[in-house]
Amino acid sequence: MRELLEEQLKLQRQVRGIRNHVKGVQQGLLICQFLNVLIAGALVAIAAFLYSRPDDAKPFLGMSNSAEVLQQEAGEINSEWPKETVGEEQNRAKPEQMLIIRTFLSRAKALKIDTRDLPDTRSDKKAGYIRLLVDLQQKGEEFAAQHESRELCEMLVKIAKYAEGNQAHDNETLEQHELYEEIRKFCYGN
């Protein structure tokens, strides 16, 4: 009987030890869950900040005001443009250049923010907007190095301005529409 009592005591101690261990594991899991919630909350707060205040977030992301930079660069290109006049044939854009402008315009139009867009779609459009600006800048530098027509380079700046306007929530403005029509007339001639 004594042996049974000693065995029972031994088992009770083991059970108590296991219960203490289980409680410790449960407390550790609760702490991990709490930390996960804190991290997720911080990420949501950062994403909300970046989404709701893109102009305030640009210094933290290492970005500059892209439309302003493109306009400033366009002004620099215009001031460095050769003063000699070129023939009417050379001043017209080539078909492959018109195709480039049309492609940029369609990319800018596809990036239009809609109130029905999901958050993932909006972030994809913002990333596409940044890629578009980088491509526009590269193409503008290429056109300037090749001394292409001033009007062609100005269209790249106008496309950047149109794309920037499409990133706003209230992007159905008269100015946006007029800008789109001006670029479209340049591309298609009617």
Let a ≥ b ≥ c be the square roots of the eigenvalues of the Cα gyration tensor of region 93-178; is it rounded (a/c under 1.5), or, if not, prolate (a/b larger than b/c) or oblate? prolate
Sorted on mean Cβ neighbours within 10 Å (highest first), peptides 174-180, 114-120, 146-152 come out as 146-152, 174-180, 114-120
Answer rounded, prolate or oblate for region 1-52, using the Cα gyration tensor with square roots of eigenvalues a ≥ b ≥ c: rounded when a/c is under 1.5, else prolate when a/b is larger than b/c, else oblate. prolate
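We did not get these values from a lab; they are worked out from the coordinates using the rules stated. All of these numbers come straight from a predicted model, not from anything done at the bench. So basically every Cβ, Gly included, is an ideal-geometry build from the backbone, and we count neighbours across all protein chains shown.
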